[in-house]
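See structure below.
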Ligand code: TNX
């Protein structure tokens with residue numbers, strides 16, 4: 001029996017988020033046996049470990065065979081599916097005796113496996129379960145609306161460490177989010193070790209906003225995080241915010257300032273003092289000094305060398321200065337010369353940019369004249385440092401007085417065909433712990449995931465909240481300290497707080 005695309009609200013076991021493209025639920029089920037045989041083609045080999053990890057959670061063992069058509073599990077990469085499914089799409093079939101996942105890439109297979117994961121009981125997120133598992137028979141053909149589906153973590157104002165970021169990557173992957181932007185520097189703190197300028201992390205890493213956390217990512221941690229993310233089809237985008245929001249660097253390297261600190265207006269602090277306040281738009285590099293470009297050149301070079309992904313974010317927000325456009329123009333060329341694609345906050349669109357440079361839109365006040373790619377982070381839909389509800393403690397409200405509800409996030413729509421996707425930032429002036437970060441990110445990031453993945457004709461907010469309610473136990477098992485948004489009828493469940501992600505061995 002077919003229900004079209006929306007998942008029936010009375011379905012006890014089916015609550016897939018994001019909502020898939022085509023979904024056909026059938027009668028009957030597939031009973032997971034204790035021993036399974038997996039058939040794969042060579043191109044799909046890298047995805048085997050994820051299926052093994054998943055089935056090991058219900059105590060099943062998988063034997064593998066390189067073959068097109070055998071066994072009761074099938075994983076196939078088929079290039080010819082590219083036209084229909086794109087890079088990230090997949091098809092998943094669950095039949096009486098067999099589960100088939102195929103895609104044009106391993107990324108597609110990964111998403112097929114995440115969908116399958118959501119069809120397993122929530123307790124697999126906690127550890128091994130021993131009962132007999134039945135999966136519903138169905139067919140899904142699914143691919144994303146946008147190629148850019150992300151979050152931004154501001155780890156500068158208050159630090160979120162590598163452990164938290166790793167956990168965050170796991171959670172993102174479950175919901176098919178694929179971009180993680182790290183805001184690595186600002187007035188309050190510098191968060192990445194650079195060999196060219198060790199003082200940035202050693203001195204700048206010690207700062208934070210009032211009552212916030214300090215620290216920095218070592219190059220090894222940054223590399224390991226990128227590899228961990230890549231395995232889960234998430235690309236990290238490092239941001240060094242330039243030329244404003246730079247006090248942590250100016251404090252660490254006083255020679256970057258203009259004489260008499262005329263680059264600090266007003267002088268809310270002077271080197272070597274720390275700055276732990278909340279003001280924005282008062283610091284900048286000394287744009288009048290040519291030496292500033294030596295610094296920026298070396299900085300971007302090293303950052304490009306340690307970044308695995310194709311993008312480097314150069315910030316560019318909240319500064320008003322006659323030399324601003326020249327700085328952005330030059331810096332966008334430095335990024336390109338280092339083989340990377342630049343990204344800047346929307347103000348950067350005022351400058352003459354390289355063709356591939358992308359714009360991240362946050363308030364829509366800057367006119368973006370040309371046909372360049374845009375990432376939408378409109379604050380009224382996506383600024384997760386704003387309250388989940390009106391008057392939530394320790395949240396900002398400058399962009400939206402009543403807070404940003406789950407439905408606000410979900411209601412984002414845009415017909416501008418330059419938009420390649422969306423990204424929800426969490427600024428951390430008021431986010432001083434992991435639990436608070438969880439509360440701001442979840443469940444709204446799940447709405448972000450559905451907005452980024454699901455095509456408009458398949459979006460339905462009420463249906464979304466019903467599916468989300470069915471993720472209560474799953475989120476609790478994952479140890480996510482999500483905000484229990486009043487828009488959702490959360491189910492009764494015991495928060496376990498025990499986190500253990502699916503593990504796999506690298507033997508294949
Ligand atoms: C604006 S939006 C900022 C951040 C602040 C945030 C607080 C943007 C590009 N910059 O520096 O942390 O507001 O909500």
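Seen against the Cα atoms of the chain and their longest principal axis, helix 162-174 is set at about 40 degrees. What residues from region 363-402 fall in the zone where the backbone N is under 18 Å from a label point 7 Å along the Cα-to-C-beta line of residue 484? The answer is 388-390, 392-393.
Express the Stokes-Einstein translational diffusion coefficient of region 276-319 in µm² s⁻¹, to the nearest whole number, given a Kirkwood radius over alpha-carbon pairs, 20 °C and a viscosity of 1.002 mPa s. Answer, rounded: 170 µm²/s. Considering region 96-146 at the alpha-carbon level, its Rg and Dmax are found to be 12.7, 38 Å.
When the alpha carbon coordinates of region 232-278 are projected onto the principal axes, the ranges are 48, 21, 16 Å, largest first.
With the Cα gyration tensor of region 1-155 giving a ≥ b ≥ c as the square roots of its eigenvalues, does the rule (a/c under 1.5 for rounded; else a/b larger than b/c for prolate; else oblate) give rounded, prolate or oblate?
Values: a/c = 1.26, a/b = 1.09, b/c = 1.15.
Since a/c stays below 1.5, the shape of region 1-155 is classed as rounded.
Label positions at residue 301 and residue 268, each projected 7 Å from the Cα along the C-beta direction, are separated by 3.3 nm.
The modelled label-to-label distance between residue 128 and residue 35, using points 7 Å beyond Cα along the C-beta direction, is 1.8 nm. When 222, 120 are sorted by how many other C-beta atoms sit within 10 angstrom of their C-beta, beginning with the fewest, the order is 120, 222. As a calculated quantity, the FRET efficiency between residue 433 and residue 97 at R0 = 35 Å, using C-beta atoms, amounts to about 0.10.
Out of all DSSP beta bridges with both ends in the chain, state the antiparallel percent to the nearest 5. Provide the component values of the computation, followed by the final result.
Numbers: 19 of 65 bridges.
Rounded to the nearest five, the antiparallel share is 30 percent.
Computed on the Cα atoms alone, the convex hull of region 408-467 gives a volume of 102 cubic angstrom per residue. Once you place label points 7 Å from the Cα toward the Cβ at residue 308 and residue 491, how far apart are they in nm? Label at residue 308, label at residue 491, 3.5 nm between them. Our compactness index for region 260-299, the C-alpha radius of gyration over the empirical 2.2 N^0.38 Å, is 1.30. Given axes a ≥ b ≥ c from the Cα gyration tensor, I'd like to know whether the chain is rounded (a/c under 1.5), prolate (a/b larger than b/c) or oblate. Note, shape of the chain comes out prolate. Working note: 222 nm ellipticity from helices only, DSSP H runs with n ≥ 4, each -39,500 (n - 2.57), summed and divided by the residues of the chain, gives -7500 deg cm²/dmol to the nearest 500.
Counted residue by residue at 0.36 nm each, then reduced by the alpha carbon distance between them, the extension gain from residue 202 to residue 402 reaches 68.0 nm. As a calculated quantity, the FRET efficiency between residue 414 and residue 337 at R0 = 41 Å, using C-beta atoms, amounts to about 0.80.
Working note: Debye formula, equal point scatterers on the alpha-carbon atoms of region 138-290, no solvent; log10 I(q)/I(0) at q = 0.11, 0.18, 0.21 Å⁻¹ is -0.47, -1.00, -1.22. Would region 244-395 count as rounded, prolate or oblate if I go by the C-alpha gyration tensor, calling it rounded below 1.5 in a/c and otherwise prolate when a/b exceeds b/c, oblate otherwise? Note, shape of region 244-395 comes out oblate.
Bear in mind these aren't lab numbers, they're just calculated from the coordinates by the rules spelled out. What you see is a predicted model, and the numbers here were worked out from it, not measured in a lab. Please note: Cβ atoms are built from the backbone with ideal geometry, for glycine as well, and neighbour counts cover all protein chains shown.
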